[in-house]
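Contents: one structure, followed by commentary.
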Amino acid sequence: MTKQHHITLLPGDGIGPEIMSVAVEVLKAIASKHDQEFTFTEALIGGAAIDETGEPLPAETLEACRKSDAVLLAAIGGYKWDNLPRQQRPETGLLGMRAGLGLFANLRPATILPQLIDASSLKREVVEGVDIMVVRELTGGIYFGQPKGIFETETGEQRGVNTMAYSVGEIDRIAKVGFETAQKRGGKLCSVDKANVLDVSQLWRDRVTAIAQDYSDVELSHLYVDNAAMQLVRAPKQFDTIVTGNLFGDILSDAAAMLTGSIGMLPSASLGTDGPGVFEPVHGSAPDIAGQDKANPLAQVLSVAMMLRYGLDEPDVASEIETVVNQVLDRGYRTGDIMSPGMKAVGCKEMGEVLIKLIMDNG
Ligand code: NAD
C-alpha cells in the first residue's frame with residue numbers, strides 16, 4: 001500500500017523560498033522511487049505573513065501545521081521587518097508556532113562531512129569522524145521559570161532574577177527523547193547537568209538515571225556542563241548523543257555546530273509529545289544573498305532527511321537523502337559559502353538539479 005504523508009511547507013523569507021523549492025523537488029524525486037506519496041500545504045509565516053495578513057503567524061498557518069504529519073520550515077526575518085514592535089516581528093511567529101505545537105525537544109546534529117573538514121577551525125585529527133546529536137529541552141528551565149524579572153529591593157537597588165526549574169514530568173519526557181534518539185544512532189547518551197552545584201540538576205540526574213532502566217540498549221554517562229564544554233572542543237569524537245536542559249543546550253549546540261564550520265549545512269528538528277515536529281535549517285534567512293541564486297540548499301535538504309527519520313519514521317529514505325548529499329560533495333559541487341579551490345561552483349538551483357539527477361541515477 002502506498003504510504004501517505006502530509007507536509008506543511010513554510011518557505012518564509014529571504015532565501016527561504018529558494019532553498020525550500022530545492023528541498024521539495026528532492027523529496028518528490030525520492031518519493032517517486034519508493035512507494036510513498038507526499039502531499040503539501042504551503043502556508044505563510046514571518047515577514048511574508050506580515051506583508052499579506054499583518055501578523056507573523058496567521059491562525060490558518062498554525063491550523064495547517066497541526067493538521068499535518070510534519071512541518072518543513074525554511075527561515076524567517078529580514079531588514080524590512082526589523083523595526084516593527086516585538087509582537088509583529090517575524091521571530092514572534094516562530095516562537096508562537098513552537099509554543100502552539102508544544103515543541104519541547106530540539107535536536108541539532110553536528111556532523112563533520114569529510115569533504116568539508118577543512119572548514120572546521122579545529123585540527124583535522126580532532127574533528128574527523130565527529131557525528132554528534134544535541135537534544136536540548138526547549139520549553140522549560142531558566143528561560144521560563146518563575147519568578148523572573150528585574151525587581152527593586154528594599155534599599156531601592158535593582159535585582160535581576162531568573163529561576164532554573166524542572167519538574168519530573170519535564171525531565172522524563174526530554175530524557176526519553178534523548179534515549180530514543182540515541183537508539184536511532186550510536187547507542188550512547190551523555191546527560192549534561194551541573195549536579196555538583198544546582199539542586200535542579202540533581203533532580204535531572206536522578207530522573208535520567210531512573211529512565212535509563214527502560215533503555216538497557218543505551219549506554220548512559222553524565223558530565224557536568226563545564227567539563228562537557230571542554231570535552232566538546234578537546235575530544236568531540238567521544239560523544240554520540242547529548243541530552244541537556246534549555247540553557248546548557250543553547251550554548252553546547254552552538255559550540256557543537258561550529259565544530260563543522262559551515263552554517264549552510266546544518267539541519268535541526270523540534271519535536272512535541274504527539275503532534276507534528278518542525279524541521280528547519282539552523283541558519284537564518286540570509287537577506288544579504290536572497291533572490292540571487294547563491295544560497296546553499298543542503299541544510300534544508302538535510303532537514304528533509306531529519307523529517308523523514310525523526311518525524312515520519314522513514315529512516316531508509318532519510319539515509320538515501322544523506323547519501324546523495326555526500327555524493328554531490330564528493331563530486332566537487334559547492335555553493336559559494338562552502339567553496340574551496342578546485343571545486344565546481346554552482347548556484348542554489350543547479351545544486352538542486354545535481355541532487356535530483358543523482359537520485360535518479362542511483363536507481
Ligand atoms: P543568517 O544565518 O541568515 O546569515 C548569516 C550569514 O550566513 C550570512 O552571511 C548569510 O549570507 C550566510 N548564510 C546563511 N545561510 C546560508 C545558506 N543557506 N547559504 C549560504 N549562505 C548562508 O543570520 P543573520 O544574518 O544573523 O540573520 C538574518 C535574518 O535571519 C534575521 O532577520 C534573523 O532574525 C533571521 N534568522 C532567522 C532564523 C530562523 O528562521 N530560524 C534563524 C536565525 C536568524
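The values are calculated or read from the model by the stated rules, or taken from the named source; none is laboratory data. Just so we're clear, the structure is a prediction, and the values are computed from it rather than from any experiment. In this analysis, Cβ positions are derived from the backbone assuming ideal geometry, glycine residues included, and neighbour counts consider all displayed protein chains. The area values use the complete protein model at the heavy-atom level, side chains included, leaving out ligands, DNA and RNA. Shrake-Rupley method; radii C 1.70, N 1.55, O 1.52, S 1.80 Å.
Report, to the nearest whole %, how much of the accessible area of the range 176-270 belongs to carbon and sulfur atoms, 1.4 Å probe, protein only.
Carbon with sulfur: 53 percent of the solvent-accessible area.
Considering just Cα atoms, how many Å³ per residue does the convex hull of the range 271-363 enclose?
Cα-based convex hull of the range 271-363, divided per residue, equals 105 Å³.
Keeping every protein chain present and rolling a 1.4 Å probe, give me the accessible area per residue for the chain in Å².
45 Å²
Could you calculate the FRET efficiency of THR39 with LYS176 from 1/(1 + (r/R0)^6), where r is the beta carbon distance between them and R0 is 22 Å, rounded to 0.05?
0.15
Could you give the size of the charge dipole of the chain about its Cα centre, using +1 on the Cβ of each K and R and -1 on the Cβ of each D and E, expressed in debye and rounded to the nearest 20?
500 debye
If the viscosity is 1.567 mPa s and the temperature 4 °C, what Stokes-Einstein diffusion coefficient in µm²/s follows for the range 158-206 when Rh is the Kirkwood radius over Cα pairs?
The estimated diffusion coefficient comes to 105 µm²/s.
With a 10 Å cut-off between alpha carbons and a GNM built on the chain, which of ARG309, ARG66, ARG124 moves the most?
Comparing ARG309, ARG66, ARG124 in the GNM, the peak value goes to ARG124.
Of the residues ILE338, ILE150, ILE76, which exhibits the maximal mean-square fluctuation in a Gaussian network model of the chain defined by a 10 Å Cα contact cut-off?
Maximum among the listed residues: ILE150.
Collect residues whose amide H, placed 1.01 Å from N in the peptide plane, falls under 5 Å from the amide H of LEU220; neighbours closer than 5 in sequence don't count.
LEU189
Can you work out the base-10 log of I(q)/I(0) for the range 121-259 at q = 0.18 1/Å, using the Debye formula on its C-alpha atoms alone?
-0.98
Subtracting the Cα-Cα distance from 0.36 nm times the residue separation, let me have the gained length for LYS188 to MET230 in nm, one decimal.
13.2 nm
Quick check: convex hull of the Cα atoms in the range 6-53, volume per residue, rounded to a whole Å³?
In the range 6-53, the Cα convex hull volume per residue is 55 Å³.
Could I get the Rg over Rh figure for the chain? Both from C-alpha atoms, Rh via Kirkwood, rounded to two places.
Across the chain, the Cα-based Rg/Rh ratio is 0.97.
Ignoring ligands, DNA and RNA, please state the percent of accessible area on the range 282-363 from carbon and sulfur, probe 1.4 Å.
Exposed carbon and sulfur together represent 50 percent of the surface.
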